[in-house]
Amino acid sequence: MIQKKAHNFHTYKIECNHKDEKWFLLTGDWHFDNPKTNRKLLFKHLEQAKERNAKIIINGDMLCLMQGKYDPRKNKSAILPEHNNDRYLDAVIYDTAEKMLPYAEYILQINTGNHESSVSQRAETDILMRLVERINTLANTNIQLGAYMGYINIVLHYGGKKEKFNNSKPINIAYDHGHWGGVITKGALSVSRHASIFPDADVIMSGHTHDGWVMTHNRYVMNHHKNKIQVKKQWHVKTGTYKEEFDTGNGWAVEKIGMPKHLGSCWMRVIYNSKKDNELEFTMTS
């Protein structure tokens, strides 16, 4: 069940057994239409998501879109042959949608990144909305379009009537495509900033800088249900990228950034028990 409460707030109800585990692929910064993107690795992880029946959340910059006619960043060597025509944006949208069809039923949500928002402003059309609509039309799915920043509420539910416990276990995921980076810190200072912006989140996922890591931030919180004060863990995830910009030793990233980035995504494994709190485990893909 899906509830779109606002453009930046979605709830997904997922049915579980009494004891169960659910997998999620937290991912972003694919830059799918860029020749430097490692599609082989991306499709490997998407196939693993199918095998695990994982739900996929794509957190911005799924597309690169920098080769449009009026884009000052355009470069003839940075366009795939199948996109090199007079309907460049349509070619990217149609090609991406076609290649996502085997995985469409596993994708929960595609969020907006700076690449999509920038091109949408220039082209005067919502590029990502067009992509989501096309995938949904071809695959008969209900993938949701997210904002640049917002909340995703995952509610794991066991429907056993004899249970005396609250069988709905929510996971509040805050997402921000990204703001803060740092060659040395790899964006780690964003943990304190995001914790202050998203105090209610169990998990905060961000990207943009193409770094990949998992870090915890503990909070001292009131538990009104159990009538006690407790230390609660908040998980922070930088989701990585699939755009490899350093293997040739040349280019903008080599000259301006100078630091190779994490290729891949992050797995979130949720261990569900109707009588206990959810257990979360995070692992960067390999």
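The values are calculated or read from the model by the stated rules, or taken from the named source; none is laboratory data. No experiment lies behind these values; they were computed from the predicted model shown. Backbone-built Cβ (ideal geometry, glycine too); neighbour counts: all protein chains shown. Surface accessibility is based on the protein's heavy atoms, side chains included, excluding ligands, DNA and RNA. Shrake-Rupley method; radii C 1.70, N 1.55, O 1.52, S 1.80 Å.
Within the stretch 1-135, what percent of beta bridges assigned by DSSP are antiparallel, to the nearest 5?
On the way: 4 of 12 bridges.
The answer is about 35 percent antiparallel.
For the chain, take the longest principal axis of its alpha carbons; what is the angle in degrees between that and the long axis of helix 114-123, to the nearest 10 within 0 to 90?
50
May I ask which residue of S118, A188, G150 lies farthest towards the positive end of the charge dipole of the stretch 68-213, with charges of +1 (Lys, Arg) and -1 (Asp, Glu) on Cβ and the Cα centre as origin?
So the residue we want is A188.
Could you tell me the calculated FRET efficiency between I184 and K233, based on Cβ-Cβ distance and R0 = 25 angstrom, to the nearest 0.05? List each step's numbers first, then the result.
Numbers: r = 26 Å, r/R0 = 1.03.
With a Förster radius of 25 Å, E is 0.45.
Suppose R0 equals 35 Å; then what is the FRET efficiency for S196 and E21 from their Cβ-Cβ distance, rounded to the nearest 0.05?
With R0 = 35 Å, the Cβ-Cβ based efficiency is 0.65.
Through the Karplus equation 6.51 cos²θ - 1.76 cosθ + 1.60, θ set to phi - 60°, convert the phi angles of the stretch 90-105 into ³J(HN,Hα) values in whole Hz; use x for Gly and Pro.
Result, rounded to whole Hz: 4, 4, 5, 4, 5, 5, 5, 4, 4, 6, 8, 4, x, 10, 4, 5.
So what J values fall out for the stretch 74-89 if you push phi through Karplus, 6.51 cos²θ - 1.76 cosθ + 1.60 with θ = phi - 60°, rounded to Hz, Gly and Pro as x?
Working through the residues one at a time gives 4, 8, 4, 7, 10, 10, 6, x, 5, 9, 8, 8, 6, 10, 4, 5 Hz.
Give me the net charge of A78's neighbourhood, meaning all other residues with Cβ under 12 Å from the Cβ of A78; Lys, Arg count +1, Asp, Glu -1.
On the way: positive: K36, R73, K74, K76, K243; negative: D33, D71, E245.
Neighbour charge sum, excluding A78 itself: +2.
Only one of the values (1) 65, 46, 42; (2) 79, 53, 26; (3) 63, 44, 33 was calculated from this structure for Cα extents along the principal axes in Å; name its label.
Step by step, Cα extents along the principal axes in Å for this structure corresponds to label (3).
Can you tell me the equivalent ellipsoid semi-axes for the stretch 178-246? Use √(5λ) from the Cα gyration tensor, largest first, whole Å.
Details: eigenvalues 170, 22, 15 Å².
Ellipsoid semi-axes (Å, largest first): 29, 10, 9.
Over the stretch 77-199, what is the relative contact order in whole percent, taking alpha-carbon pairs under 8 Å and six or more residues apart? Please report the intermediate quantities before stating the final value.
Details: 118 pairs, mean separation 24.4, N = 123.
That works out to 20 percent.
Subtract the Cα-Cα distance of K13 and S77 from 0.36 nm times their separation in residues, and report this length gain in nm to one decimal.
Values: separation 64, 0.36 × 64 = 23.04 nm, distance 4.41 nm.
Roughly 18.6 nm would be gained on extension.
So how far, in whole Å, is the C-alpha centre of the stretch 184-213 from the one of the stretch 132-155?
Taking the Cα centre of each part, the stretch 184-213 and the stretch 132-155 sit 23 Å apart.
Placing +1 at every Lys and Arg Cβ and -1 at every Asp and Glu Cβ, with all other atoms neutral, what dipole size does the chain have around its Cα centre, in debye to the nearest 20?
On the way: 39 positive and 31 negative charges, 225 e Å.
Dipole size: approximately 1080 debye.
Compare the peptides 175-181, 222-228, 123-129, 77-83 by average per-residue count of other Cβ atoms within 10 angstrom and give them in order, highest first.
Numbers: 175-181: 22.0, 222-228: 8.3, 123-129: 15.9, 77-83: 14.0.
In decreasing order of mean packing, 175-181, 222-228, 123-129, 77-83 become 175-181, 123-129, 77-83, 222-228.
Compute, for the stretch 30-163, the length of the dipole vector about the Cα centre, with Cβ point charges of +1 (Lys, Arg) and -1 (Asp, Glu) only. Units Debye, rounded to 20. Before the final figure, lay out each step's value.
Values: 18 positive and 16 negative charges, 75 e Å.
Here the stretch 30-163 has a charge dipole of around 360 debye.
Need the C-alpha centroid separation for the stretch 79-102 versus the stretch 3-71, integer Å.
Rounded to whole Å, the Cα centres lie 18 Å apart.
Out of the total accessible area of the chain (probe 1.4 Å, heavy atoms of protein only), what percent is carbon and sulfur?
Details: 7100 of 14280 Å².
Ligands and nucleic acids excluded, carbon and sulfur give 50 percent.
If you place +1 on the Cβ of every Lys and Arg and -1 on the Cβ of every Asp and Glu, how big does the dipole about the Cα centre of the stretch 169-286 come out, in debye to the nearest 20? Could the numbers behind the result be given before it?
On the way: 15 positive and 11 negative charges, 136 e Å.
Roughly 660 debye, rounded to the nearest 20.
Of the candidates E51, E15, E98, which one comes out as most mobile in a Gaussian network treatment of the chain with C-alpha springs shorter than 10 Å?
E51
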